[in-house]
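Reviewing the structure listed below.
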Amino acid sequence: MTDDHSLKRHIDGEAARLLGKAIRERYPDFDVEGYAAEVDARVGPLELKDRVMVMAESLRARLPASYPDAVAVLVASLGEGLVEGGGMYGQGFHLMAVARFVEEYGVAHPEASLPALVEITRRHTSEFAVRPFLVHHREATLALMRACALDPDPNVRRFAGEGVRPRLPWARRMTEFVTDPGPVLEILESLRNDPSAYVRTSVANNLNDVSRDHPDRVLDLAERWLRESPTPETAWTVRHALRTLVKKGDQRALALLGATGGEHVRAEAMGVSPAALDLGETLTVRVDLVNADDRPHTVIVDYRVHYVRADGTRRPKVFKWTTVELCAGERRTLEKRHRVRPISTRVHHPGEHLVEVQVNGVIKGAVPFELRVRPAGERP
């Protein structure tokens, strides 16, 4: 997902005008230009979520006083459904305000709001807006999500998996599902081998969330899914769902994904180039993997970069590399390019960093490199 600073530019007077014109086709009294002017005047200094709230507030003042009547107007104005995978990140940013309208003003009217969330999802997304309904109307909302998991529309099936994620990014944490993921896992059952990669990605992300708090429960489920549904789609879902456990070196997760013989594999001739680089440049990591066993093995290879922190200590971040099938006695050279670039979630500090190679969850080798972080405006 693009960060708020990039998305917020889509929420302005022009977005309000686009939404207002669609509404006026169903509700002739709607003041399109007044709506656009008010939004444009208010959103300037605001970030994404506050901008969307301005659009929702300004809608409330211009739609029928009765919430069911107001949401009926909005649903009627939504337009055509999305192609698979379109979602909020492809088009229809102005519909964020419609979802927020339901989230803010519709919790007391689940009979009108829950069907509206499904219709919004067909054109945009309701994964954030559904959260308060799961809190205040748990059983009715879970029933809706179970039905959505069986819907012919992949956007709606994805909504079923994404809306109940315990740790959905940029959304309120569903602490009750963090504690007991049972209702979440029930919804995901019918989506384990969904034909849509868009849906399966949501299922895997959800299970990855759950694995942080209930690893054994997710591993039990993954083992059963692989046994009961031996399809490429289920295998893909399980592999992506277990990615955090694999990065942590969980041996049961690694075994479920077919990893064997990590104890027989050595990492030799490990090196990085350049040995020192500036922030924004690319580091190349090389290593020879040697299978010292007389049997072939499949190994999952990751690498960890230990970033220097402000206090001089280092903190590791695990990155995926590859899965390798090594014949008995085979030596295989691997190479990986890693760009050390500025990102919004990490402050880079100069100093000696470290790269480690991890095979089937076990550290096999390490090599340092120096990162230079130059003051803004200073040329190399």
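The values are calculated or read from the model by the stated rules, or taken from the named source; none is laboratory data. All values reported here derive from a predicted model rather than from experimental measurement. Backbone-built Cβ (ideal geometry, glycine too); neighbour counts: all protein chains shown. What goes into the accessible areas is simple: the full protein's heavy atoms, side chains included, and nothing from ligands, DNA or RNA. Shrake-Rupley method; radii C 1.70, N 1.55, O 1.52, S 1.80 Å.
Looking for whichever is modelled with pLDDT under 95 and aliphatic (A, V, I, L, M) here; the options are V362, V324. Which one fits?
V362
Only one of L334, L283 is in contact with a His (Cβ under 8 Å, 6 or more places away or on another chain) and at pLDDT 95 or above; which?
Just a single option satisfies the conditions, and that option is L283.
Please find, among V362, V299, V373, the residue that is open to solvent by less than 80 Å² (accessible area, probe 1.4 Å), farther than 30 Å from L242 by Cβ and of a type outside the set (D, E).
When all the criteria are applied, what remains is V373.
More than 15 Å from the chain's Cα centre (by Cα) and within 14 Å of A149 (Cα to Cα): is that true of L226 in this structure?
no
Name the single residue that is least open to solvent (accessible area, probe 1.4 Å) among those in the stretch 172-197 being of a type in the set (G, A, S) and assigned to a helix (DSSP H, G or I).
Ranking the candidates gives G182 first.
I'd like to check something: does the stretch 325-344 contain any residue that is in a strand (DSSP E or B), under 30 Å from W236 (Cα atoms) and without any contact (Cβ under 8 Å) to a residue 24 or more places away in the chain?
Yes, the stretch 325-344 has at least one match.
Regarding R200, is this residue open to solvent by 10 Å² or more (accessible area, probe 1.4 Å), assigned to a helix (DSSP H, G or I), at pLDDT 95 or above and closer than 20 Å to V118 by Cα?
yes
Specify which of the listed residues (L82, L78, L63) is modelled with pLDDT under 95 and closer than 16 Å to F30 by Cα.
Only one candidate qualifies: L78.
Would you say A99 is modelled with pLDDT of 95 or more, at negative phi and surrounded by 17 or more Cβ atoms within 10 Å (Cβ to Cβ)?
For A99, the condition - modelled with pLDDT of 95 or more, at negative phi and surrounded by 17 or more Cβ atoms within 10 Å (Cβ to Cβ) - is met.
Return the residues of the stretch 225-274 that are among the aliphatic types (A, V, I, L, M), open to solvent by 20 Å² or more (accessible area, probe 1.4 Å) and part of a helix (DSSP H, G or I); say none if nothing qualifies.
Once the filter is applied, which keeps residues that are among the aliphatic types (A, V, I, L, M), open to solvent by 20 Å² or more (accessible area, probe 1.4 Å) and part of a helix (DSSP H, G or I), the stretch 225-274 yields L226, A235, A255, L256.
E352 - would you say it is under 16 Å from H264 (Cα atoms), assigned to a strand (DSSP E or B) and touching a Pro at 6+ places or on another chain (Cβ under 7 Å)?
no
For A108, only one of the following conditions fails: (1) surrounded by fewer than 21 Cβ atoms within 10 Å (Cβ to Cβ); (2) hydrophobic (A, V, I, L, M, F, W, C); (3) touching an Asp or Glu at 6+ places or on another chain (Cβ under 9 Å); (4) at pLDDT 95 or above. What is its number?
All conditions are met except number (3).
Could you list all residues from the stretch 30-60 that are at pLDDT 95 or above and assigned to a loop (DSSP other than H, G, I, E, B)?
If the condition is that a residue be at pLDDT 95 or above and assigned to a loop (DSSP other than H, G, I, E, B), then F30, D31 are the ones that fit.
How many residues are closer than 13 Å to S202 by Cβ and of a type outside the set (F, W, Y) if we restrict to the stretch 142-165?
Selection size over the stretch 142-165: 14.
Return yes when T333 is closer than 21 Å to A255 by Cβ, of a type in the set (V, I, T) and open to solvent by 80 Å² or more (accessible area, probe 1.4 Å) and no when it is not.
No: the conditions fail for T333.
When the stretch 9-29 is examined, which residues are found to be touching a residue at least 24 places away in the same chain (Cβ under 8 Å), farther than 17 Å from G79 by Cα and in a loop (DSSP other than H, G, I, E, B)?
Within the stretch 9-29, I11, D12 qualify.
Which numbered condition trips up R60, out of (1) closer than 20 Å to V107 by Cα; (2) open to solvent by 40 Å² or more (accessible area, probe 1.4 Å); (3) in contact with a His (Cβ under 8 Å, 6 or more places away or on another chain)?
Only one criterion is unmet by R60, namely (3).
Give just the number: which of (1) within 30 Å of L221 (Cβ to Cβ); (2) open to solvent by less than 60 Å² (accessible area, probe 1.4 Å); (3) not hydroxyl-bearing (S, T, Y) does V340 not satisfy?
V340 satisfies all of (1) within 30 Å of L221 (Cβ to Cβ); (2) open to solvent by less than 60 Å² (accessible area, probe 1.4 Å); (3) not hydroxyl-bearing (S, T, Y) except (1).
Of all residues in the stretch 302-330, which are open to solvent by less than 80 Å² (accessible area, probe 1.4 Å) and either among the hydroxyl-bearing types (S, T, Y) or out of contact with any strand residue (DSSP E or B) (no Cβ under 8 Å at 6 or more places or on another chain) (or both)?
Correct list: Y303, Y307, T313, T322.
For D293, all conditions in the list (1) closer than 18 Å to R372 by Cα; (2) without any contact (Cβ under 8 Å) to a residue 60 or more places away in the chain; (3) surrounded by 13 or more Cβ atoms within 10 Å (Cβ to Cβ) hold save one; what is the number of the exception?
(1)
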